[in-house]
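Values in this text are rule-based calculations from the coordinates and carry no lab data. Since this is a predicted model, take the numbers as computed values, not measurements. Quick reminder, even Gly has a Cβ in these numbers, built from the backbone with ideal geometry, and neighbours come from all protein chains shown.
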């Protein structure tokens, strides 16, 4: 079981790092990416599997440094906070551009609507990209503190 935990942990680091790098590239180029979101959601599922495996190891009585557990669980908190920021991205963009609601954007010319939507998508991409990179670093740190 420990070997599976190590293998899945390595996959978590690699997936989140790849997701973060891909997201950074697409953010820099101002290009939305469906692949980024698929990679991110896959990474999050693998993270949950990793945490479940770690929980099984703890239940089996494996001794683990507290720091390893902390670094192993922090990615869930980072992901949760990032999702909340992503959800509020639309409101932040609308407010910064002087719109009171999404309906107000719908009354604007198509080019302006497209610009607002692209700004929202870019903000969401940026928030989740940063979260992916932080999670990759935390997962790597968890690996370094394993006993």
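Table for the structure above
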| item | result |
| --- | --- |
| Size-normalised alpha-carbon gyration radius of region 2-55, reference 2.2 N^0.38 Å | 1.27 |
| Cα shape, region 22-91, gyration tensor, a/c 1.5 rule | prolate |
| Acute angle (nearest 10 degrees) that the helix 34-59 long axis makes with the longest principal axis of the chain, alpha-carbon atoms | 30 degrees |
| Computed [θ] at 222 nm, deg cm²/dmol, the chain (DSSP H ≥ 4; -39,500 (n - 2.57); rounded to nearest 500) | -30000 deg cm²/dmol |
| Residues listed by number, region 30-58, amide nitrogen under 18 Å from residue 64 label point at 7 Å toward C-beta | 44-58 |
| Inter-part distance where region 1-17 and region 35-99 are each reduced to a Cα centre, Å | 15 Å |
| Using alpha-carbon coordinates, inclination of helix 66-96 to the longest axis of the chain, degrees | 0 degrees |
| Sites residue 34 and residue 87 - FRET efficiency at Förster radius 22 Å, r taken between beta-carbons, to 0.05 | 0.70 |
| Relative contact order of the chain, pairs being alpha-carbon contacts under 8 Å that are 6 or more residues apart, as % | 44 percent |
| All-pairs Cα distance distribution in the chain, expressed in whole percent, bin size 5 Å | 2, 10, 17, 19, 14, 11, 9, 7, 5, 4, 2, 1, 0 |
